[in-house]
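Student: Let me give you the structure first, and then I'll get to my questions.
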Amino acid sequence: MKSILITGLIAAIATPAAAQNRFRVGTVEFTTELPAGYCPAEGKNAAVAQMLAAADPRNVTHLTAMSCSADMAWKDYFILKTPNELLAVSTTTAELQRAIGPALNAQSGGENEEASKSVSRTVGSPVQIKGEVRGYGQDAHCVYLGAVLDMAAPERGIAYTLAMSGCMTVVSGKVVTIYRYAPGTTDADIRKLMPSVLAFAKAIKPVAAN
């Protein structure tokens with residue numbers, strides 16, 4: 001689970017596919033409004049999105065929304081995902097919180113190496129990723145995740161750091177995780193992002209059946 005948070009960091013060197021306001025988790029269709037100031041990617045980004053999906057075989061990526069400001073587009077963005085093994089699962093927020101708590105507290109030292117190799121294969125050049133994803137508590141809507149992630153792509157002359165906050169939630173029985181990546185280097189920066197992923201989670205609604 002933790003590796004998907006880290007692979008999202010490569011968006012600054014490869015633009016993902018156009019985000020759509022509708023997406024499906026298993027048999028349930030959802031709709032959401034993008035946060036104010038965020039836009040879907042457009043144009044030739046779909047091909048790159050396929051590459052990014054290949055770098056994260058454990059999850060389905062539903063939606064990507066970036067800052068509408070051109071100079072901030074891949075310095076501030078949201079990604080929505082669901083783990084493959086949970087696509088067909090129907091659960092509640094309380095059940096999810098009980099189930100994943102131990103996993104969030106467990107150490108996973110090989111995740112950075114795995115993510116670095118996967119991303120490197122995807123973009124075709126070496127990428128090094130460092131950062132420890134950990135739990136940030138929970139409330140009635142979310143199980144929170146957070147990390148400060150360092151990424152370097154030497155052959156592309158790229159090195160930068162982003163804070164990440166994630167909200168794992170359940171909407172109409174389906175698990176969705178909302179991640180936000182934005183400039184930041186501290187625990188306080190991670191916590192500043194938590195209200196925005198909570199707000200995004202609350203905006204996700206099931207599409208009424210015809």
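Student: Starting from 0.36 nm per residue, how many nanometres of slack lie between ILE158 and LYS130 once their C-alpha separation is accounted for?
Tutor: Computed gain between ILE158 and LYS130 is 8.7 nm.
Student: Are any of the pairs LYS75/LYS174; LYS75/LYS202; LYS75/LYS192; LYS174/LYS205 more than 20 Å apart by Cα-Cα distance, and if so, which?
Tutor: Working: LYS75/LYS174 29 Å; LYS75/LYS202 23 Å; LYS75/LYS192 15 Å; LYS174/LYS205 11 Å.
Result: LYS75/LYS174; LYS75/LYS202 exceed 20 Å.
Taken together, the values in this text are just the output of simple stated rules run on the coordinates, not laboratory data. These figures come from a predicted structure and were not determined experimentally.
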